[in-house]
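Accompanying notes for the structure given below.
The values are calculated or read from the model by the stated rules, or taken from the named source; none is laboratory data. The structure presented is a predicted model; accordingly, all values stated were derived computationally and were not measured. With ideal geometry, Cβ positions are generated from the backbone for all residues, glycine too; neighbour counts draw on all protein chains shown.
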């Protein structure tokens, strides 16, 4: 697994170990942490290495049956400022992992809802036109293309999961999602900062549900192609802020509004009907329950 010490990866590693699988993790620890894997470190093989290093990747995938590629830089605004970096890590990194996977059976790639850009319709289906608004989004489209190309060349089964707004415990401080950032600010007695007018919509999906989608992708050998992974429900950022303030008992704090960030999109809600039908995917963690978990256990 590439990126197995990160936010989603560390949750997935634990699920795979619990299910009795042998797991090898490749991670450069730039945003991930060995501490995320502390309770399963003795049960896995951990390799410190970078997906930009083809030799390290080739060695890491040797002898494995399936590859899950989660290693990536994911900050949209940062990608606008540092497009070369996002090309080197996300595009070349995915190229390297896919190219090295000539002898595997299944390749699961974590793509992003960012590939759709500003949608022409919502709910967004998988056949929606791809209209990237940032180098990050473009890097994910390129990654998808390389996965498909090498799947056609080598014959492995490709599963591309377009993840919407993932949140949950152990989310990287370097790339904190809006839920985690709101909770952190409110816990310090500071109001949430909302970019734009707050009426933009997002589809939030708990990391536990994302892990389940990946496990389903690995288990079902008939499944291949592209799937949206989200809740299928849209929430405005204003509603999100009000919910968090209410759950934390700080409705006295009023959000601060700031200018929109470059590369941000207005509306993003997944059509998950294909994932439901073909993967058997069914989100289980509701937004309010997921936020309560983060607040209650102070695991932010």
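For segment 238-256, a residue qualifies if it is buried (at least 16 other Cβ atoms within 10 Å of the Cβ) and out of contact with any helix residue (DSSP H, G or I) (no Cβ under 9 Å at 6 or more places or on another chain), and exactly one does: 238. Taking segment 168-229 as the region of interest, the strands (runs of 3 or more DSSP E) fully inside it that hold 2 or more residues being touching a helix residue (DSSP H, G or I) at 6+ places or on another chain (Cβ under 6 Å) are 204-206, 225-229.
So that you can scan it fast, the table gives a plain yes or no per residue for (1) more than 16 Å from the chain's Cα centre (by Cα); (2) more than 15 Å from residue 232 (Cα to Cα):
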{"residue": "120", "(1), (2)": "yes, yes"}
{"residue": "127", "(1), (2)": "yes, yes"}
{"residue": "134", "(1), (2)": "yes, yes"}
{"residue": "139", "(1), (2)": "no, yes"}
{"residue": "143", "(1), (2)": "no, yes"}
{"residue": "155", "(1), (2)": "yes, yes"}
{"residue": "166", "(1), (2)": "no, no"}
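For segment 7-23, a tally of residues being within 22 Å of residue 100 (Cβ to Cβ) and either modelled with pLDDT under 95 or surrounded by fewer than 18 Cβ atoms within 10 Å (Cβ to Cβ) (or both) returns 2. Only residues that are in contact with a helix residue (DSSP H, G or I) (Cβ under 9 Å, 6 or more places away or on another chain) and surrounded by 15 or more Cβ atoms within 10 Å (Cβ to Cβ): list them for segment 273-291, please. Within segment 273-291, 275, 279, 281, 283, 285, 287, 290, 291 qualify. Residues in segment 25-48 that are surrounded by fewer than 19 Cβ atoms within 10 Å (Cβ to Cβ) and under 20 Å from the mean Cα position of the chain (by Cα): 29, 30, 33, 34, 35.
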